[in-house]
């Protein structure tokens, strides 16, 4: 794997679950929809093989709930919703992210005039 690809993978790995929580915060989503939306963001494109284990882990830690719902086209879909605990985790991430991003920006010289 090239250095650029490895860097991108490392950055994605550390933030992907919070991107998923933020998507579900806006509206309940099902797995394939999450994969599709992330795929629309070039630096976050991922596969179902990554997202479904991540969704299971987020359910196990209590940050997401899920419920099966009939689909207008095709089989039933499992929709994911954000729990109060997930909402708190996302709020904490947002606070930490701003501080982290500002520190990194300052250290690597972004935003300096």
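The values are calculated or read from the model by the stated rules, or taken from the named source; none is laboratory data. Nothing here was measured: the structure is a model prediction, and the numbers come from that model. Here Cβ is always computed from backbone atoms with ideal geometry, including for glycine, and neighbour counts include all displayed protein chains.
A few comments on the model shown:
- The one condition in (1) modelled with pLDDT under 85; (2) surrounded by 15 or more Cβ atoms within 10 Å (Cβ to Cβ); (3) over 15 Å from the mean Cα position of the chain (by Cα) that residue 12 fails to fulfil: (3)
- Each residue in the range 32-79 was checked for being under 24 Å from residue 11 (Cα atoms) and outside any loop (DSSP other than H, G, I, E, B), and 25 of them qualify.
- Cross-chain or 6+ apart pairs with Cβ under 6 Å, the range 85-105 first and assigned to a helix (DSSP H, G or I), then surrounded by 11 or more Cβ atoms within 10 Å (Cβ to Cβ): 85/62; 85/63; 86/21; 86/63; 86/64; 89/63; 90/21; 93/18
- Filtered by the rule that a residue be under 18 Å from residue 82 (Cα atoms), surrounded by 12 or more Cβ atoms within 10 Å (Cβ to Cβ) and either out of contact with any strand residue (DSSP E or B) (no Cβ under 8 Å at 6 or more places or on another chain) or touching a residue at least 60 places away in the same chain (Cβ under 8 Å) (or both), the range 35-54 gives 35, 38, 51, 52, 54.
- Just one of the numbered conditions (1) modelled with pLDDT of 95 or more; (2) at positive phi is not true of residue 74: (1).
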